[in-house]
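Below is one structure, written out as structure tokens, with a few remarks after it.
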Amino acid sequence: MPAGLIALALGGFGIGLTEFVITGLLPEVAADFGVSETTAGWLVTGYALAVVVGALGLTAATTRLPRKPVLVGLLVLFIVGNTLSALAPEYGVMMLGRVIAALCHGAFFGIGSVVASNMVAREKRASAVALMFTGLTASNVLGVPFGTFLGQALGWRATFWAIAAIGVVALVGVALLVPAVRQDTAPSLIRELGAFRSGQVWLSLGVTVLGYGGMFGAFTYIAYTLTAVSGFASAAVPWLLVVFGLGLFVGNWAGGRLAAKSIDRTLVVVLAALTVVLGLFAVVASNPVLTVITLVLMGAFGFATVPALQTRVMHYADHAPTLASGANIAAFNLGNAFGAWIGGLTIAAGLGYTSPIWAGAAITLAGLVLVTIAATVPRRSRAHRPATTATTGSIATAG
């Protein structure tokens, strides 16, 4: 595989780390800025909403531009945002840094996957895209726990300095190792927008918001749940996130294999299981042993949805999947923002630190209802059986 793929994967690792590491550091950040847990949670919500804007706006705005310079520019934006976060003297500046870093998220993965596929022979394209997305998976399995550990040991700002440094290395790698690949066809924004004429595309985006938002709503305030309810010490949180990350890895791998057989059946079964697991987690959160078990299951079933969610929207986007794929990345992050917002409301209402988990279960149940409806909507008469589609860390074929 070309060395440029490693540079793209490193960029994905840094971006994934930026998004998720804040959840393990919310208590430290909130204490430093003197804000409430709910206000600190807006650093998660604000990032996710900015990803939505960037995934749609920047992807559309740069459709006709050369891809390599766009990737370089996106990484510059990423570095600036994280540097500003590390230097932030107050909460508002921290939020601005988060927003700036988030703008590059969706566009980087959408454009980067196209670049990755064009760097290799046609028969190796799926593997090339999968390699790029391993950076995002690794950020959850390894980066977030150790980023949390670094932040607790040296201060949360040290974590953001480390992320900015990762961005610099990725920028140099992309500039030196990623070739200026010739585009196969002239992109057309009008053609890409045409994918949104499909009702199933919109249903798929809705399922992504709810199906992923439920899990993330529970996860956003997990540091508070683990310390205040389960009784773990703050120093144990990074190691518990390692356990959670292992669940993500297994779930993402298994979800890709299941989605290759049946996308809708996979989503129905996995979302039903996730709803049950979240409800169980809320009930047993005061028991440390059962908390660890349900934490692993939450990660596994939560990320088992990702391959099917990404593949479903690609399946119904016909021959203009780029913007639809970016829209689904936006939908993932809209779900993040929605889940974090609802979870924050429940805490602010005095319902306790298990209330975001209950809210997550309710949101996931809504996603289950929506995907059941989507699966029963009459399909278009023309069968769609696209080539293997790369997903977040997995490869699945629409079926």
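The values are calculated or read from the model by the stated rules, or taken from the named source; none is laboratory data. Model, not experiment: these values are computed from the prediction. Glycine gets a Cβ as well: all are built from the backbone with ideal geometry, and neighbour counts include every protein chain shown.
If you go through region 266-324 and keep only what is farther than 28 Å from ALA375 by Cα and either of a type in the set (D, E, K, R) or assigned to a loop (DSSP other than H, G, I, E, B) (or both), you end up with ALA285, SER286, ASN287. One residue alone among GLY360, GLY344 is under 29 Å from THR291 (Cβ atoms), in contact with a Gly (Cβ under 6 Å, 6 or more places away or on another chain), modelled with pLDDT under 90 and not basic (Lys, Arg), and that residue is GLY344.
Kindly establish whether ALA327 is buried (at least 24 other Cβ atoms within 10 Å of the Cβ), outside the structural domain of GLY106 (by TED's automatic domain parsing), modelled with pLDDT under 85 and in a loop (DSSP other than H, G, I, E, B). Spelling it out, it is not the case that ALA327 is buried (at least 24 other Cβ atoms within 10 Å of the Cβ), outside the structural domain of GLY106 (by TED's automatic domain parsing), modelled with pLDDT under 85 and in a loop (DSSP other than H, G, I, E, B).
Where helices (runs of 4 or more DSSP H) fall entirely within region 1-118, those with at least 3 residues that are of a type in the set (Gly, Ala, Ser) and more than 29 Å from GLY344 (Cα to Cα) are at 3-20, 105-118.
Candidates ALA107, ALA40: the one that is within 20 Å of the chain's Cα centre (by Cα) and closer than 24 Å to VAL169 by Cα is ALA107.
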